Every structure is written in C-alpha cells, then in structure tokens.
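Working notes for the structure below.
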Amino acid sequence: MSKTFFSLFRSPSVQKGCRLASNAAPVENRLVHIENQFESVPPPKRDKDAFMGAIAMFKEKRGRGHVEFINSSLKFIKEYGVHKDLDTYKALLNVFPKGKMIPQNTFQKIFLHYPMQQNCCVKVLDEMEWHGVQPDKEIHDIVVNAFGEWNFATKKIKRMLYWMPKLKYSNKYLDRRTVEGKSLSDCELAGVALKMMSRDPATNVSLVKFKNDIMANEWIVLAQSPSQQRLLKQLNAGDELTTRSAEPLQEFVKEEMDEDYTNWYEDWLKRRESSKRTIHEQQNEVILALGAIFRYDNDTAFRWVEELQKTNKNLENLRIRLRIDGKSLI
Amino acid sequence: MLIQRHLLPRFLCKSSLVPSGSNITALSFSKEAPQEENQKPRRSIMTNPLKDKLQKAQGEANVLEKKKRSVFARSTVPVNINIPNPKGIPGYDPTYSAKELLEELPRTIKKQSKLVAKEVAQMAKSASLEKPEFLEDIGLLRHNEARVEFRFDTEENRSLWHSGCDSDWKEGFSTCSFRGTDCGTAEFSGHISTQVVKDGRVERAGWASLKLEDRRSFNRKKFLSRWRNFSHLLLKVRGDGRSYKVMLHSPLSMDFTWGDSFSYPLHTHGGPYWQYEKIPFSKFFHTVAGRIQDRQYKVNLEDCSSIGIVLMDRIDGDFCLEIDYIGVYNDTTHTEDFAYETYTLPLFNTHGF
C-alpha cells in the first residue's frame, strides 16, 4: 500500500488548474511524477471533473504505466470526494487496454496472466466494495473486455455482482434509499433517525423550528405516539417516579406442561392483562417520548421538554430530571 | 424521570452527510427503575491511547514486520487451504518456559477440577430414561419455542466472552470493551477508527469483535449441537443503529476447516427499545476469515463451537451494543433450507478439486 511508484510520464501541455514547478526543459517535454497530476490541483478545485480530467489526460497520452497511474489515483480518491461514485470506478477500470490482456491459451488461463494488472483491478474493485458502491453490468463488461470472461479479476466482479445486491436491502430498519446519495439537512437526518428508533408505527414525528435572529438554525424534533401520551397521562401528579417501575417483561414465558386447570380463570385474566402491555414498557424503563435537539446541552433539552408540555399537560405535575452534560438540572 | 443520551444511528455520522462535530443528539425520555438512578453516564468519549503512543514514539517504529511476498511462501490471502494455524495468525507460536508452566499449574488444576466437578454433577443430574435430545430430533420441538443459551448477568457468564479489536494486534486505532451493566446485561462498546497504521502491511483497519470462548474440561470443544433442531438464532440486543455481523465459527481438526465460519449481518435500529433479532440459520452464508466463499452450504450446527459478534462497518466513531441474551428460537413455518443458490462449480475452481 505504501509503496511509492516512481514511474514517470510526460506531462501534457494543457493542464486544468495545475501549476507546474519551473524546469529547464520545455513544459510539454518534462518528466513529472504521476502523483503530481493529483497533488498539483489545489484542494478547493478537487472534484469529480478534475479527477475525470486527469484520467482522460492519462488515457490520451500513454499506452503504458496503467497500474502505477491507477494505484496513485486510488490514493487521492477520497480527497477528490469521488470514492462513492460508480462513474469514477468505471473510468478508472477503462484505463486498462481492451483485448491485450485476455488469456489466449490454457497456461495463461491457469496462471495469473498479467498479474500486476489483475491485482490492481482487484484492488480497485475492493476499494469500491469497501465504500459500498453497488456494481452494475457495465462495470462487469469493462473488466471482461480487459481481462477475459473467467479470469481472476473477472471472478471478483462476478462475486460482487452476486453478493452485494443480495445483502443490499437486508437492513429492515432503514431504507437506504432515503439517505443514500442525498444531502439531507441535520433536522431531516434527525427525523430519519427517530423514525428508525421509534418502534411504534403510530409515532408522530414533528419538527419545531425556532425563529431567532442570532441563531438561524435552531430546531427540535419530537417523536411521540398516542400510546406514549396515554402512558404519560396515567402518571400521577408529583409522581415518585423511582418507585413505580415496570414489571420485568417476560417475552418467552417458561411453560410447564401441567394439566391443572383449576385456576384457568385467573390464568386467562393474567394472560389478558399481560398482552395489554405496550411496546414502550420495556424491561427496566418506560419510554415516554423520543426527541432530537440541535445542540447538546441541558438548556436545549429543556426547550424540548417545554415543547412536549404543549401536548402533554400532565408533564407539568411531574418531576423531570435532565442529565445531559453531566450536571443534573431539576 | 430521566433523559439519557443515546447514540444516533451511525449512518448519520458519515462525513459526507454531517460535518464533524455536528451536534445532533437523540434523546429518549423515559421513566426508569430505581436501581439505575445513580449510575454513571454510560457512554463516555473514548481516548485513543495507542495513537498517542505511536505519535510520541521516537526512533524505531512500534509496528510489526512487513509482509513478504515470495513464490514459495504461504500467500497471505485468507482461503481455506491456506490457514497457517487454528488461530489464523501467521507465525503464531505461543511458547512458554517450564518455569511459567509450573507457575500456571495450580491455577489450571483448580480451574479444570472445577469444570470436571461441574460436568460430573451435570451428568448425574441429567441421568434419566427420558432422552430430550432424541425427542427434539424426532420433532417434538414446538412452534414458538425459544431457548436462551447465553446470559450476561454474572461475571462468570461474561468471562466466557472475549473482546478484541485491531489496536490489540497493533493493526489500527480502534478500541473496545465488554462489561456488565446494572440491569444484568452486557455492553460491548468502544470506538471504531478506520485509520490505517502506516507500516506497509495493514491495508484495512477499524474492527472490533466479541467471541465466545467456552470449552469443556481439559480444553475439549463444546459444540452448539443442541441448536440443530431450531430454525432461528435469537438475540435480544439494543444497538446504536450500526450494522454488526453474527458469525458461527465451526473449525474442526482438519486444517481446511480452521477458517470456516457462517455469517449474517445483525442490523440494529438504535434508541432505547430492545430488539429481538431472529436470524434464520438458513440465511447464514459460508465465509472463511470473513470472506464469502464461492461454494456455499448450510451451516451445520453440530460443528459449530463458537459464536461471535463483529463490527466493521467502515464508519468512524463510537459504538455500543447492549446484549441481554443469545439463544435459539423455533419457527415451524420456516421451511427454507438454504437461502442461496448452490451452483455446481467447475472442476478447476478456487477450492481446488
């Protein structure tokens, strides 16, 4: 990984946003280290266009040094912010010449034909997998055209094409399409997170934005379901909250195979009672509301409680303890 | 009433989505049991001792030897014909001097005799004409039946589980810890850092793992074979929104089985609610050293001797997974045998022939 590639190539005459160090030789004939191509672009200009420009320039000029070029461009892929972009990986793999590296006889097929190139291709694909970029048929075809149908590098992309879509939507709690490739604001993300966290499907998620001259971006997201409101209403005024804890939840009740039906009525009543338990009454706590705040301190959390009080009148009668930045605030 | 901070689902903390140092905080608002009132704030910011140490180190770098490539040497690619030893670590050779062994002897004798006594007592207790295992085999397990195998309420129970992360192997900067909480559960928490150690050897970093190390007396393997008639793995966990992975390890005596494990992701939703995660055994896919294999087959629970929970989701930041128990669950309506296609591979494949 940390190997430096000292391959040199002739710098092209036109370079977008690049400033070259002065040298005795004429600009178009000087030898430049491959990484200069990426390093010389100033950080604010490092984007997809600049990256694609560098690849296009390399392809235009050179018929060799592909592996060195790809290795050094992989180092800069994150700095240019293109590590989650499928087009970039396609462009990178398109750098490999077509047809030349396809094995022609059995020995070439058995042994790693063009090993450096194939390992480099696997590295690009691995990088793609690491960043969670989903491959498509086109990228498979690009690899096939460069290395042949059943070569080692092609097997890698075939495996990716088989497994990655299989496990892509295995997360049932978050639909990745709601966040992937989108620039969501903080409060939108908070809403997505709260929807993911609150297991009651009836939960209302609401956003409160504060109009303030000094701080423009002040918001609070509330999430509470009707059954949580009902639970809150049931609490008595000035409730000694520490004394009323929820019964331990018995999810899988140990059943004894006894044939004693003398207490069937009590058993039936008990079972009816236990099935009434809401999802919010967890093992050691009862969850009454969820929320997200823009800043992490007690003052902001207190504003969240104030917002909750508008819909839950009973909250005024209860003792609330905030414990966010270490100091407790009654 | 207590307001407590919960870690946000981790997709929010990707650098592309939220600028670092963003102050979004998720709150839950709950009424708690009395014993929890005086507990310390559970999630604290972890420092990174190894990183500081590395930065301060002068002269020779505090890193391992660079890997060598040679035609005749063992390749470093983890495939099942290539596992160096049961630990899976190249060059792993724990050597002890006679003095060390003698020093260790009394403790070993004490531990082993305890295990033997426990096993004898178990045998005496279970001596009966009824054969529960046989009854399970012929299909007397009921629908919705669950069996909790591992709890985390006592120190003894927790000591069966070992946690580790890349900084333990000098291969990264992540940290992790595994400890009990006040409500009889265990918390696997720490910090994931994908920063790679610049030693030219490590290519990826940022993992933490928790693994069961439960053995019978005299270091004999304990198999999870009693699980074979159940259809699902059941975990009661409370996570932080990250996606973990459950691994069923099934190494046997032959070297090409040393790396065998069967994996499936464990997704968490985060927040204060417990989740009962039921993963069908039919969905576990075959991996060697974490790599999905071409030839797939169903997990054979008779060979499984360990179970692990790993995290390597490529996202920097704190993580926390609270575990109440791990067990199995039977769903008689689940008739799927194996969820993936089992192709017939050509003679010359990656497994050899």
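Given points 7 Å out from each Cα along the Cα-Cβ axis, report the A:F111 to B:R215 separation in nanometres with one decimal.
Calculated label separation equals 4.4 nm.
For the range B:84-201, report the % of Cα-Cα distances exceeding 18 Å. Write down the numbers at each step before the final one.
Working: 5315 of 6903 pairs.
Tail fraction, whole percent: 77.
Work out, step by step, the length gained on full extension between B:Y92 and B:K111: first 0.36 nm times the residue separation, then minus their alpha carbon distance; give nm to one decimal. Write down the numbers at each step before the final one.
On the way: separation 19, 0.36 × 19 = 6.84 nm, distance 2.50 nm.
Stretched fully, the B:Y92-B:K111 segment lengthens by 4.3 nm.
Starting at the first residue of the range A:116-124, write each ³J(HN,Hα) from the Karplus equation 6.51 cos²θ - 1.76 cosθ + 1.60 with θ = phi - 60°, in whole Hz, x for Gly and Pro.
Those phi angles translate into 4, 5, 5, 4, 5, 4, 5, 5, 4 Hz.
Which order do A:Y169, A:Y80 fall in if you start with the one that has the fewest other Cβ atoms within 10 Å? List each step's numbers first, then the result.
Numbers: A:Y169 11, A:Y80 22.
Ranking A:Y169, A:Y80 by Cβ neighbours within 10 Å, fewest first, gives A:Y169, A:Y80.
Can you list the residues, at least 5 places off or on another chain, whose amide H is less than 5 Å from the amide H of B:R242, using H built in the peptide plane?
Those qualifying (amide H under 5 Å, at least 5 residues apart or on another chain) are B:R10, B:T268.
Over the range B:142-340, calculate the relative contact order: mean separation of alpha carbon pairs under 8 Å at least 6 apart, over the residue count, as a percent.
30
Of B:K99/B:K211; A:K48/A:K100; A:K84/B:K236; A:K172/A:K270; B:K211/B:K283, which sit over 23 Å apart, Cα to Cα?
Table pairs above 23 Å Cα-Cα are B:K99/B:K211; A:K48/A:K100; A:K84/B:K236; A:K172/A:K270.
Taking every Cα atom in the range B:203-325, find the radius of gyration and the maximum pairwise distance Dmax, and write them in Å.
14.9, 44
Between A:L207 and A:W264, how high is the FRET efficiency from 1/(1 + (r/R0)^6) when r is the Cβ-Cβ distance and R₀ = 56 Å? Nearest 0.05. The partial results should precede the final answer.
On the way: r = 51 Å, r/R0 = 0.90.
So, using R0 = 56 Å, E works out to roughly 0.65.
Compute the signed sum of charges (Lys and Arg +1, Asp and Glu -1) over the other residues within less than 11 Å, Cβ to Cβ, of B:F150.
Working: positive: B:R147, B:R151, B:R158, B:K236; negative: B:E149, B:D153, B:D214, B:D324.
Once positives and negatives cancel, what remains is 0.
Checking the a/c ratio against 1.5 first, then a/b against b/c, what shape does the Cα gyration tensor give for the range A:37-102?
Numbers: a/c = 2.17, a/b = 1.67, b/c = 1.30.
Judged from the Cα gyration tensor, the range A:37-102 comes out prolate (a/c at least 1.5, a/b above b/c).
What nm value, rounded to one decimal, do you get for the distance between B:S126 and B:S177 when each label is placed 7 Å out toward the C-beta?
Result: 3.7 nm between the two label points.
Sticking with the crude label model, points 7 Å out along Cα→Cβ, report the distance from A:S170 to B:D153 in nm, one decimal please.
Here the modelled spin labels are 3.2 nm apart.
Values quoted throughout were computed directly from the atomic coordinates according to the rules given, and no laboratory measurement underlies them. This is a predicted model, so every value here is computed, not measured. Don't worry about glycine lacking a Cβ; one is built from the backbone with ideal geometry, like all the others, and counts go over all protein chains shown.
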